[in-house]
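Shown next, in structure tokens, is the structure this report addresses.
Bear in mind that the values in this text are calculations on the coordinates, not laboratory data. Since the model is a prediction, treat every value here as computed from it, not as a measurement. Neighbour counts run over all protein chains shown; Cβ positions are idealised from the backbone, glycine included.
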């Protein structure tokens, strides 16, 4: 598992990301993942939920539309109020 994935997993498990900064901590976390199927399942479930919430095209589109509407409604931004 790449180091970035380990940090991501640790953060979403509620641990301080700094705890995996050294080789021993990263190794220990990998071993823990191998030995704990429940932890693997929780991390997988949480990762999927996070991806669906933040990176789903429908969610991205809704956030973009909200942003455009907000900017367009401000006076002096190149809209009809300029």
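Here r is the Cβ-Cβ distance between residue 33 and residue 53 and R0 is 22 Å; the resulting FRET efficiency, rounded to 0.05, is 0.45.
When Rg and the Kirkwood Rh are both derived from Cα coordinates, the Rg/Rh ratio for segment 22-81 amounts to 1.39.
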